[in-house]
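Taking it in order: structure first as structure tokens, then the write-up.
The values are calculated or read from the model by the stated rules, or taken from the named source; none is laboratory data. Just so you know, these numbers come straight off a predicted model, no measurement behind them. Using ideal geometry, Cβ is built from the backbone for each residue, glycine included, and neighbour counts are taken over all protein chains shown. Remember, those area values only see protein heavy atoms, side chains included, never the ligands or the DNA or RNA. Shrake-Rupley method; radii C 1.70, N 1.55, O 1.52, S 1.80 Å.
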Amino acid sequence: MKALKDIDIAFLPMNLPYTMTPEMVADAAIAMKPKILYPYHYGNTDVSRLEELLNGKGVEVRIRKLQ
């Protein structure tokens, strides 16, 4: 992921046990440096934790309400 350049928007899955934790998503986002991050497949995961981890890192986190 560190080799990726000029990423405008990233979509990363966040929900255990099948995808990543908020910490893993934050690490991935910091590595690829997208301008905007949309977490998806987050189920009951606390998305505010991801926002907290990426605060001040230059990645805008956009949360869409699950339907």
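For this structure, a couple of remarks:
- Unmet criterion (only one of (1) open to solvent by 90 Å² or more (accessible area, probe 1.4 Å); (2) assigned to a loop (DSSP other than H, G, I, E, B); (3) touching a strand residue (DSSP E or B) at 6+ places or on another chain (Cβ under 6 Å)) for THR45: (1)
- Of all the criteria given as (1) crowded, with 17+ Cβ neighbours inside 10 Å; (2) within 9 Å of the chain's Cα centre (by Cα), the one not satisfied by ASP27 is (1).
- The single residue among ILE36, ILE9 that is open to solvent by 70 Å² or more (accessible area, probe 1.4 Å), touching a strand residue (DSSP E or B) at 6+ places or on another chain (Cβ under 6 Å) and of a type in the set (Val, Ile, Thr) turns out to be ILE9.
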